[in-house]
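Every number in this text was worked out from the coordinates using simple rules, so none of it is lab data. What you are looking at is a predicted structure, and each value in this text was computed from that prediction instead of being measured. Cβ: placed from backbone, ideal geometry, glycine included. Neighbour counts: every protein chain shown.
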Amino acid sequence: MIPAQFDYLRPGSLQEASEALASDEEAKVLAGGQSLLPLLRLRLAYPSLLVDVSRLEELTGILDERDHVFIGAMATHDEVLRSPAVIAGCPLVALAAATVADPAVRHRGTFGGSLAHADPAGDLPAVALALECVMVTSTRQIPAADFFLDYLEPALEPGEILVGVKVPKLGPGWGFHYEKFHRTAQAWAIVGVAAAVRRANGSIQEARIGLTNMGPTPVRARAVESALQGVELGEAVRQACAEAAEGTSPTSDLHAQADYRRHLAQVLTHRAVNAAAGRP
Amino acid sequence: MPRIAVTVDGIRYEEDVEPRLLLVHLLRDRLGKTGTPVGCDTSNCGACTVMLDGKSVKSCSVLAVQADGSDVVTIEGLATAGTMHPMQRAFHEEHALQCGYCTPGMVMAAIDLLREDPDPSEETIRHGLEGNLCRCTGYCNIVRAVRRGAQSMGQAVTTP
């Protein structure tokens, strides 16, 4: 379908963009458009104004800082997954970005856009949560744990724009994996698991697990994280991962029933933790 | 109405466009580039794939205004002086199409994946074409065509 009518603004500065967004509550930010344009075409969204932030300098680039990697909101998935700074400093982000849709979508879709869209079925929100990223907006910094409020609802005020994300470097000893279960490249993850695991002396010292599509927001599998502490690789890991669905509220839809998602969360968490711990 | 400047298949155009005009409709309805089809309408099928500043995109998921100042290459821009691009010829020779609807997007996606890997394995090709659907399910011949196209583009394909 052809989208409903809207106005279009390509602001020259972040401030101009913020003012335009603040002055019209039906206005939407346009980044790469790979989530928004399909919504417009299906007429599931009727914004009055699109504010195209794609050419704002402040939102571009990937910077290798001392203790974190700063990923500009407009960095595309394709740029992210190839970035030497990301691969070295926060490889989990590159692993997850490589699973987003297909090459053409990754050429346009952006890291910041997928976070600000706050779709719990998107791959990056669970990663941002697990890595305890910090969202840098036009006015403040928001920890990932406070950013995803509800389904498609980020903690952004009217006129507030996501500028970039600080992804902490976890340092030596950590291993990473993103395990995604989906039927086709373009389909959302039925369930996804982002795992970061620190190993020492043959056992798991610390684990961080983020779950994709297990509720209205991405969630941390806290029960698994604490159950994994100090656990040796092997059967004990499987037992710990059996708690993956604890505290989640997955939806039932065309693709899967909620109980199937709970089951998947356990299986995929087990796979993801083993892979992150370097065990095939 | 925003005015945009865009180069398509080597020719520069200036157009007044409604903000909601999709790139694929600019190409087809305004510039007559009907070689690029509209497939699924939901950015799933990849039939409308074109190159935007050298990278593959689904032109149903890009607004014409977003392409302002950009360089677009469609399937119609591949042949030179009446001679098919090696990838087009490979699709012809390997019978990599039945109905042909997905072919323009497949060819563009194939050329895009060679940009990163001029000597792709079958697995790399299948992975690189993930975003392009052939509902005649003629994938075997498509994969063969991409390997042949890569070969004739001057790159030896050695992996089985």
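A straight Cα-to-Cα reach below 14 Å connects B:Lys58 with the aspartates and glutamates A:Asp102, B:Asp41, B:Asp112, B:Glu130, residues fewer than 8 places away in its own chain not being considered. In chain A, helical runs assigned H by DSSP with n ≥ 4 each contribute -39500 (n - 2.57); averaged across all residues and rounded to the nearest 500, the mean residue ellipticity at 222 nm is -8500 deg cm²/dmol. Ranking A:Asn274, A:Ala196, A:Ala185 by how far each Cα lies toward the positive end of the dipole of the stretch A:174-276 (charges on Cβ) leaves A:Ala185 at the top. Each residue in B:Arg147, B:Arg115 was given a count of other beta-carbon atoms within 10 angstrom of its own, and listing them fewest first yields B:Arg115, B:Arg147.
The aspartates and glutamates within cross-link reach of A:Lys180, meaning a Cα-to-Cα straight distance under 12 Å and a gap of 8 or more places when in the same chain, are A:Asp123. Each peptide among A:77-86, B:120-129 gets the average number of other Cβ atoms lying within 10 Å of its residues, and from highest to lowest they stand as A:77-86, B:120-129.
When each full DSSP H helix of chain B is screened for a Cα extent of at least 15 Å along its own axis and an average Kyte-Doolittle hydropathy of at least -0.5, the helices passing are B:103-116, B:139-152. With the highest mean first, a sort of the peptides A:93-99, A:233-239 on other beta-carbon atoms found within 10 angstrom per residue produces A:93-99, A:233-239. Only Cα pairs under 8 Å and 6+ residues apart enter the sum, and on that basis the relative contact order of chain A stands at 15 percent. Among B:Gln66, B:Ala5, B:Leu129, which residue has its Cα furthest toward the positive end of the charge dipole of the protein assembly as shown, with +1 on Lys/Arg Cβ and -1 on Asp/Glu Cβ? Farthest towards the positive pole: B:Leu129. Each Lys and Arg contributes +1 and each Asp and Glu -1, all at the Cβ; summed about the Cα centre of chain A, the dipole is approximately 1000 debye.
Assuming charge only on the beta carbon of Lys and Arg (+1) and of Asp and Glu (-1), the dipole of chain B about its Cα centre is about 300 debye to the nearest 20. Can you work out the FRET efficiency for the pair B:Glu123 and A:Leu42, with r the C-beta to C-beta distance and R0 = 30 Å, to the nearest 0.05? With a Förster radius of 30 Å, E is 0.35. Annotation: lysines with alpha-carbon distance below 24 angstrom to B:Lys55 (same-chain offsets under eight excluded): B:Lys33.
Here the sum of -39500 (n - 2.57) over DSSP H runs of 4 or more residues, divided by the residues of chain B, equals -8000 deg cm²/dmol at 222 nm, to the nearest 500.
Which one of A:Leu162, A:Val237, A:Leu40 is farthest out on the positive end of the charge dipole of chain A, using unit charges on Cβ (Lys, Arg +1; Asp, Glu -1) and the Cα centre as origin? Checking the options against the dipole of chain A, the answer is A:Val237.
Using only side-chain charges placed at the Cβ, +1 for Lys and Arg and -1 for Asp and Glu, the dipole size of the stretch B:3-77 relative to its Cα centre rounds to 160 debye.
Among B:Val38, B:Val72, B:Val62, the largest mean-square fluctuation in a Gaussian network model of chain B (Cα springs under 10 Å) belongs to B:Val62.
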